[in-house]
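**Student:** If you scroll down you'll find the structure; I have some questions about it.
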Amino acid sequence: MKKVIMGNHAVSYGVRASEAKVISAYPITPQTHVVELLSEMCANGEIDAKFIKVESEHSAMAACVGAAAAGSRTFTATSSQGLLLMHEMLHWAVGARLPIVLANINRAVGPPWSIWTDQNDSLSQRDVGWLQIYCESNQETQDTIPQAFKVAEELQMPVMIVMDAFFLSHTFEIVDILEAQEVRKFLPPYHPDIKIDINDPHSFGNLASPEHYMELRYMIQEAMEKAVGLIKKVDGEFQKQFGRGYGLIHPYRCADAEIILVTSGTVASTARAVIDEMRDEGVKIGALKVRVFRPFPFEEIFEVLSRAKKVAVIDRNISFGGHGIFFQEIKSALYGRTDVPILGYIAGLGGRDITPGVIRQIAEQAITDKNPHRYINWIGVKT
């Protein structure tokens, strides 16, 4: 069945098809539609799930932690300050190895207050230990939810699905709706080996002395490294059953490209249109969409970008005092292995449009730049 739905509702339908059993959330613009529809689905019996209403995002994640520890497939959604308020409990979810799935609708962090998109809210959580997957379309967003649950439950690690506010969250597109009976063949019911059980008691989240703590952290990193291959495998299984796959990265016209633009989220769609125009003009240019940010797909990215003569990274974020965050990661993937120059561009903060004209400006500036190791270029700033 195909429906024209907004991106937020694509998340809701993905959760419905995944048969989550506990949903806990606090409303915040631009995420609210996700949990509003899920609450309706719970109320009318479309989902056999418990919807927990709470007084804050911190409490929402705390409820998810408890539910996941008790063995339930668990989901929540948030944005911006809401994600920041969850920060303490995000650490707990990782340390307790709980397979929670969270949808974060990217919204700029205040002050000044903004309800529009950029990536600083999710990327400020990059070192917490959650897997992070950045989606480009409503279809991809829906399809990534059951994939995320499957990866999370096999690894016993939480996964964050990330999408642009308004450009996806409130924009309507045709989506091929997943149905639970079909997804069940791909994502079986969740039955963890270890859970809170009064008949089989365990200790959860106890004190760890220095002789054990480091090994537990090593195991989290080990799981992250395994996640690269697992995400590929799960995506391949999904594609085999449903005919749609997304990969860790998506290179576009990169095979013979002399310059490659690196993008994420909805900017990837716009970039491909510009690439086609510039290719028609004889410019050997390509685009690389980074879908999976954590774990970072170092080898896959190196394989694509090392063939180029120049790389330009478009960041809808900024690490103050440093550079764009995707730019930093791309540099680390190429460092010491290639002499390809990398330029960083900051654009679209606070929801400012990254139009085809903006992307063309970045591409043309990168092509003609005589100082191709410049780390940060601000695009569109009014001075």
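The values are calculated or read from the model by the stated rules, or taken from the named source; none is laboratory data. This one's a predicted model, so the numbers in the text were calculated from it and none came from an experiment. All Cβ positions, glycine included, derive from the backbone under ideal geometry; neighbour counts span all protein chains shown.
**Student:** Just to be sure before I move on: is Ala60 among the small types (Gly, Ala, Ser), in contact (Cβ under 8 Å) with a residue 24 or more places away in the chain and within 19 Å of Asp127 (Cα to Cα) in the structure I sent?
**Tutor:** no
**Student:** On the basis of being within 27 Å of Cys64 (Cβ to Cβ), loosely packed, with under 11 Cβ neighbours inside 10 Å, modelled with pLDDT of 95 or more and not basic (Lys, Arg), does Tyr218 make the cut?
**Tutor:** Criteria met by Tyr218.
**Student:** Quick check on the range 193-206. Is at least one of its residues farther than 30 Å from Gly348 by Cβ and either crowded, with 19+ Cβ neighbours inside 10 Å or under 20 Å from the mean Cα position of the chain (by Cα) (or both)?
**Tutor:** Scanning the range 193-206, I find no residue that is farther than 30 Å from Gly348 by Cβ and either crowded, with 19+ Cβ neighbours inside 10 Å or under 20 Å from the mean Cα position of the chain (by Cα) (or both), so the answer is no.
**Student:** Take the range 366-383 and flag every residue that is touching a strand residue (DSSP E or B) at 6+ places or on another chain (Cβ under 7 Å) and not small (Gly, Ala, Ser).
**Tutor:** Ile367, Asp369, Pro372, Arg374, Tyr375, Ile376, Asn377, Trp378, Ile379
**Student:** Another question, if that's okay. Of Gly322, Gly336, Gly380, which residue is surrounded by fewer than 20 Cβ atoms within 10 Å (Cβ to Cβ), in a loop (DSSP other than H, G, I, E, B), touching a helix residue (DSSP H, G or I) at 6+ places or on another chain (Cβ under 8 Å) and free of Cβ contacts under 8 Å to residues at least 24 places away in the same chain?
**Tutor:** On inspection, the qualifying residue turns out to be Gly322.
Quick grid of which residues meet (1) among the hydrophobic types (A, V, I, L, M, F, W, C); (2) in the same structural domain as Gly110 (by TED's automatic domain parsing); (3) under 14 Å from Ile249 (Cβ atoms):
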{"position": "Glu277", "(1), (2), (3)": "no, no, no"}
{"position": "Pro295", "(1), (2), (3)": "no, no, yes"}
{"position": "Lys310", "(1), (2), (3)": "no, no, no"}
{"position": "Ile325", "(1), (2), (3)": "yes, no, no"}
{"position": "Gln328", "(1), (2), (3)": "no, no, no"}
{"position": "Ile342", "(1), (2), (3)": "yes, no, no"}
{"position": "Ile346", "(1), (2), (3)": "yes, no, no"}
{"position": "Glu364", "(1), (2), (3)": "no, no, no"}
